[in-house]
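Written out below as structure tokens is the structure these notes cover.
Please treat every number below as a calculation from the coordinates, not as lab data. Source: prediction; values computed, not measured. Here Cβ is always computed from backbone atoms with ideal geometry, including for glycine, and neighbour counts include all displayed protein chains.
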Amino acid sequence: MAEHNSLDELRAYHFSRKKRSAAIIAITAAALFATFTATLMVGNYTIPWNEVFAVLFGGGSPADRQIVMDIRLPRLLCCCLVGAALSLSGLAMQSLFKNPMASPSILGISSGAAFGASLAISFGAGAAVMGTYSVPFMAFAFCFVTMGIVYLIARTKYGVATVTLLLAGVAVGAFFNGLVSLMQYIADEDTLAAIVYWTMGSFNKCVWDSFYLAAVPILLGIAVILFRSRELNLISAGEEQAANMGVNVKRTRILIILGTSLCVGGSVAISGTIGFVGLIVPHIFRMLVGPSHKLLIPLCVFGGAAFMMGIDTISKAAFSVSVPVGILTSLLGAPFFVYVMKTKKKEMWE
């Protein structure tokens with residue numbers, strides 16, 4: 001009888017947890033929809049919600065249609081893509097390397113992308129092949145180059161140590177930051193302004209072409225990570241245990257790194273370098289629902305998109321000029337980084 005009662009209690013506990021997780025996903029999806037609708041209304045010219053929906057369904061005045069369809073909608077869709085991609089990339093890295101500090105910005109990927117973009121801005125690198133898309137192309141390419149360098153430095157015959165990985169990321173990121181600073185030093189005034197603005201991270205230049213440019217690599221990267229959620233669950237508990245349960249750890253690691261690079265590359269190609277999103281969003285949801293990636297992946301996609309739209313709206317509405325979103329995420333992320341470092345010491349140094 002006692003055993004039967006214990007089994008019932010266990011089932012009730014799991015059912016309650018599933019209900020709670022489903023409620024959190026539903027609330028996050030609703031928050032995404034509400035944020036998307038609200039941000040279509042807000043700007044230098046406020047449009048009532050009924051007019052916004054009229055425009056989205058083919059009606060509305062010509063002026064409202066131009067503002068919503070040609071300016072705000074592509075910008076918000078880019079925010080959604082970038083927020084989802086950076087959040088999911090941070091989650092994947094933290095799980096893959098079992099370290100709460102891992103994120104695209106911490107591992108130097110953003111610095112490598114900034115160097116690639118700076119090469120295109122300063123010297124026209126990639127223009128012969130990609131023309132006007134040389135800056136996003138070079139930023140995208142150097143995401144892969146940087147991730148490969150960091151991984152090769154951190155890799156030993158015993159595997160990839162998390163501390164070594166972080167140190168390799170810091171070193172490679174510092175090296176690329178130095179190269180970017182060198183190009184800024186030797187650049188003329190116009191080139192310097194372009195490099196600095198790009199490294200701050202902004203959606204001010206996002207149009208429909210930007211959305212189409214980023215959609216393919218980001219959605220492909222999200223799909224790669226999504227289909228490896230089970231393997232991520234097992235690897236985050238321990239690589240040896242995962243291998244014993246039939247996971248090809250080496251192949252999974254390569255696929256996750258590839259998916260992460262696609263997400264980050266597509267993001268920086270259209271928005272520049274935006275830091276700390278991949279640190280903030282995954283940790284918030286991990287505290288709410290636990291370590292299951294079947295829950296964390298959709299939450300990071302929805303929550304990351306809503307977070308980025310909210311930050312972008314604040315950057316436009318709370319200041320007299322449109323502040324680059326990378327500045328605001330850094331102001332939020334730096335203290336959050338310290339909080340994680342103080343509360344997750346054990347995981348960080350294992």
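Couple of notes before you dig in:
- Virtual spin-label span in nm between F53 and Y212, 7 Å along Cα→Cβ: 3.0 nm
- Separation between Cα centres of the stretch 164-188 and the stretch 251-289, rounded to whole Å: 20 Å
- M41 paired with A26, simple spin-label distance in nm, labels 7 Å along Cα-to-beta-carbon: 2.4 nm
- Shape category assigned to the stretch 152-228 from the gyration tensor of Cα positions, a/c cut at 1.5: oblate
- Placing unit charges on each Cβ (+1 for Lys and Arg, -1 for Asp and Glu) gives the chain a dipole about its Cα centre, and among M101, V82, T191 the Cα reaching farthest toward its positive end belongs to M101.
- Taking the fewest neighbouring Cβ atoms within 10 Å as the starting point, the ordered list for M183, M93 is M183, M93.
- Dipole magnitude of the chain about its Cα centre (Cβ charges: Lys, Arg +1; Asp, Glu -1), debye to nearest 20: 960 debye
- Protection-proxy order for peptides 152-158, 68-74, each taking the mean of Cβ atoms within 10 Å per residue, highest first: 68-74, 152-158
- Annotation: amide H of R155 has no partner in the under-5 Å range at sequence separation 5 or more or interchain, hydrogens built in the peptide plane.
- Considering only V264, V281, V216, the mean-square fluctuation computed in a Gaussian network model of the chain, springs between alpha carbons under 10 angstrom, is largest for V216.
- Approximate spin-label separation A318-F123, in nm, with each point projected 7 Å along Cα-to-Cβ: 3.9 nm
- Value of relative contact order over the stretch 99-276, rounded to a whole percent, pairs C-alpha under 8 Å and six or more apart: 32 percent
- Shape call, the stretch 80-233: gyration tensor on alpha carbons, a/c limit 1.5: oblate
- Rounded if a/c under 1.5, otherwise prolate or oblate - the stretch 49-143, Cα gyration tensor axes: oblate
- Once the Cα-Cα distance is subtracted from the 0.36 nm per residue extended length, the L219 to Y158 segment shows a gain of 18.7 nm.
- The chain: mean projected area of Cα convex hull, nm²: 21.2 nm²
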